[in-house]
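A.B. asks: There's a structure below that I have some questions on.
The values are calculated or read from the model by the stated rules, or taken from the named source; none is laboratory data. Being a predicted model, the structure only gives us computed values, none of them experimental. FYI the Cβ positions are ideal-geometry reconstructions off the backbone, even for glycines, and counts take in every protein chain you see. Note: areas computed on protein heavy atoms with side chains; ligands, DNA, RNA excluded. Shrake-Rupley method; radii C 1.70, N 1.55, O 1.52, S 1.80 Å.
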Number of protein chains: 2
Amino acid sequence: MSNFFLEIAGSKRSLHVQVAREIARKILSGELSQNEIIPSEMTLCEQFGISRTALREAIKLLTSKGLLLSRPKVGTRVRSRDNWNFLDSQLLDWVADIGDNEAIYLEFLALRKAIEPEAAALAASNATAEQRILLSATFQKMDDLASNFNAEEWTEADMEFHRLVFLSTGNNFFLPFANVLCTMFKSFIGHSSEKGGTCIEEHRAIYTAIMAGDADKARQANTNLLNNSNHRLPTNN
Amino acid sequence: MSNFFLEIAGSKRSLHVQVAREIARKILSGELSQNEIIPSEMTLCEQFGISRTALREAIKLLTSKGLLLSRPKVGTRVRSRDNWNFLDSQLLDWVADIGDNEAIYLEFLALRKAIEPEAAALAASNATAEQRILLSATFQKMDDLASNFNAEEWTEADMEFHRLVFLSTGNNFFLPFANVLCTMFKSFIGHSSEKGGTCIEEHRAIYTAIMAGDADKARQANTNLLNNSNHRLPTNN
DNA sequence: TGACACCCATTTATCATACAATTATGTTTT
DNA sequence: AAAACATAATTGTATGATAAATGGGTGTCA
């Protein structure tokens with residue numbers, strides 16, 4: 001399978017993304033404070049040693065995510081925090097570089113508790129035949145890995161399972177959570193699963209309910225997973 | 001108060017945003033199908049009659065929202081639907097221009113039912129003193145308008161109330177919903193409120209619970225609002 | 001025949017420069 | 001004092017050139 005679909009929009013290789021990432025870091029860390037006017041384009045070009053073209057594309061990228069707002073004559077301003085789109089996986093990726101990861105992880109868990117049970121319920125009602133096949137294959141893999149544990153493969157399958165749930169809701173507004181969840185898995189949860197922490201039975205309950213088309217049971221099962229599982233805080237090993 | 005904070009990122013005046021909007025329309029409407037390679041930069045420049053600079057900034061904007069992905073030699077491709085960030089208010093604004101609005105409205109309502117009760121619960125627990133003051137002022141306005149109805153002002157206050165709930169959660173991941181909700185209000189719900197449809201008592205229950213710091217009651221009250229209210233489908237009067 | 005290294009053409013990526021549009025600020029005029 | 005105006009600073013757009021990336025073709029060799 002091509003890895004095209006797994007690629008993150010705006011390859012990290014490109015210059016303007018690297019610069020955007022650096023500016024984002026300064027904003028997210030508070031080095032640049034909210035509502036502050038950042039240096040002019042020419043100044044930043046010199047600081048980064050890049051052309052105006054590349055710098056402007058970086059600024060446009062950050063503008064699109066709600067971090068900046070440019071106006072002629074007045075300059076480019078850091079927008080207030082409530083305009084930052086934390087549900088953008090690229091931005092989330094940058095956030096992960098800053099820390100404090102523990103707080104972010106807990107906040108995300110709160111979001112999962114709100115959204116994921118409902119996503120499971122919708123998936124139970126709306127998943128297509130094709131999506132059910134994918135879900136079956138992925139759960140099968142999880143089941144195998146539960147008895148023959150492999151941390152890396154488990155994390156991958158676990159992530160894919162929850163991702164498929166979001167994709168199976170048949171609701172456009174739930175789709176973005178699939179990517180956000182993947183980013184969080186890779187950034188925070190990746191190394192938090194250990195043998196014995198697979199929660200395979202909780203996952204089985206979700207899987208079974210979705211396949212049976214039982215929305216209420218799927219919702220409850222996913223709630224149970226998020227409450228009972230021994231999801232750990234990220235460890236920096 | 002300056003209207004700076006109400007501005008949408010990337011003024012609609014700028015050329016590259018206009019072009020991005022037009023390309024987005026073609027993608028969202030299916031005129032450009034998923035995984036399709038769009039014409040080369042030079043071709044598009046001629047089609048739109050703009051410079052490469054402006055076109056590239058437009059493409060970068062769409063890339064940032066998950067609609068496009070560019071690679072040297074191969075070209076710029078329309079990404080598959082599950083990469084489109086529907087939780088971006090600018091993209092949502094473009095979606096609103098396409099329709100079919102009825103389906104989108106219902107999908108969004110499903111999202112609200114998942115996320116808003118939990119947001120209300122978090123707000124009850126975490127709202128700051130300052131946020132409680134804002135919430136009080138806004139609800140007071142709603143209460144006044146309920147007995148002395150004015151459609152436009154009511155919609156504004158209603159929107160502000162729910163927006164404040166998201167901002168009061170103290171959770172970064174709930175913040176973006178504030179803007180998304182506002183966009184939806186302006187695009188879809190704006191003309192759906194009529195006299196008698198204010199649900200003032202349901203709103204009062206949410207407000208009271210949040211001010212009392214009763215998370216469970218706030219969650220339940222918001223659930224009631226979304227289930228019992230006579231939210232209507234958008235009417236095209 | 002097939003695998004591998006190499007070259008080539010196409011497309012995006014970046015750079016450099018010039019000019020236009022916007023608007024806060026200060027200045028002049030009434 | 002108020003209003004109209006001019007100025008300067010900054011972003012917005014245009015243009016042309018060069019660099020980098022890469023799919024596809026070509027040829028070599030086993």
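A.B. asks: Taking a point 7 Å out from Cα toward Cβ as the label site, list the nm distances between A:LEU106 and the same residue in every other copy, smallest first.
C.D. replies: When each copy's label point is compared with this one, the spacings are 4.1 nm.
A.B. asks: Measuring label to label, 7 Å along Cα→Cβ, what does B:SER51 give against each other copy in nm, shortest first?
C.D. replies: 1.2
A.B. asks: While we're here: By how many degrees, 0 to 90 and rounded to 10, does the Cα axis of helix A:129-147 deviate from the longest principal axis of chain A?
C.D. replies: Relative to chain A, helix A:129-147 is tipped by roughly 80 degrees.
A.B. asks: Give the carbon-plus-sulfur fraction of the accessible surface of region A:100-228 in %, rounded to a whole number; probe 1.4 Å, heavy atoms of protein chains only.
C.D. replies: Numbers: 2480 of 5230 Å².
Answer for region A:100-228 is 48 percent, counting heavy atoms of protein chains only.
A.B. asks: Using the Karplus equation 6.51 cos²θ - 1.76 cosθ + 1.60 (θ = phi - 60°), what ³J(HN,Hα) coupling, rounded to whole Hz, does each residue of region B:14-23 give in order, writing x for Gly and Pro?
C.D. replies: 5, 4, 5, 6, 4, 5, 4, 4, 5, 5
A.B. asks: Further question: What's the extension gain from B:ARG25 to B:GLU201 if we count 0.36 nm per residue and subtract their Cα-Cα distance?
C.D. replies: Once the chain is fully extended between B:ARG25 and B:GLU201, it gains 59.4 nm.
A.B. asks: Using the alpha-carbon atoms, what tilt in degrees (0 to 90, nearest 10) does helix A:89-98 show relative to the longest principal axis of chain A?
C.D. replies: Long axis of A:89-98 versus the principal axis of chain A: about 80 degrees.
A.B. asks: Once you put a point 7 Å from the Cα of B:SER80 and another 7 Å from the Cα of B:GLU46, both along the Cβ direction, what distance in nm separates them?
C.D. replies: Label at B:SER80, label at B:GLU46, 3.4 nm between them.
A.B. asks: Using the structure shown, list the pairs from A:LYS65/A:LYS186; A:LYS186/B:LYS65; A:LYS26/B:LYS186; A:LYS217/B:LYS65 with a Cα-Cα distance above 28 Å, or answer none. Before the final figure, lay out each step's value.
C.D. replies: Values: A:LYS65/A:LYS186 21 Å; A:LYS186/B:LYS65 20 Å; A:LYS26/B:LYS186 33 Å; A:LYS217/B:LYS65 34 Å.
The pairs that break the limit, which is 28 Å between Cα atoms, are A:LYS26/B:LYS186; A:LYS217/B:LYS65.
A.B. asks: For region A:4-83, what is the accessible area per residue in Å², given a 1.4 Å probe and the full set of protein chains?
C.D. replies: Value returned for region A:4-83: 49 Å² of accessible area per residue.
A.B. asks: Starting from the Cα-Cα distance between A:ALA151 and A:ASN35, subtract it from 0.36 nm times their residue separation and give me the gain in nm to one decimal.
C.D. replies: In short, 37.4 nm is gained.
A.B. asks: So, one more: Put a label point 7 Å from Cα along the Cβ direction on A:MET211, then list its distances to the equivalent points in the other copies in nm, shortest first.
C.D. replies: For A:MET211, the inter-copy label distances come out at 5.2 nm.
A.B. asks: State, in square angstrom and to the nearest 100, the accessible area buried between chains A and B, both chains counted, probe radius 1.4 Å.
C.D. replies: Numbers: alone 12870 and 12920 Å², together 21230 Å².
The contact between B and A buries close to 4600 Å².
A.B. asks: Here's a follow-up. Could you tell me which residue out of B:ILE133, B:VAL78, B:PHE166 lies farthest along the dipole of region B:54-213 toward its positive end? Charges go on the beta carbon: Lys and Arg +1, Asp and Glu -1, centred on the Cα centre.
C.D. replies: B:VAL78
A.B. asks: Relative to the longest principal axis of the C-alpha atoms of chain B, give the angle of the C-alpha long axis of helix B:151-167, reported between 0 and 90° and rounded to the nearest 10°.
C.D. replies: 90
A.B. asks: Taking only Cα atoms and a 10 Å spring cutoff, compute GNM fluctuations for chain A and point out the largest among A:LYS65, A:LYS26, A:LYS73.
C.D. replies: A:LYS73
A.B. asks: Return the distance in nm (one decimal) between the two label points of a simple spin-label model at B:GLN140 and A:LYS113, each offset 7 Å from Cα along Cα→Cβ.
C.D. replies: 3.3
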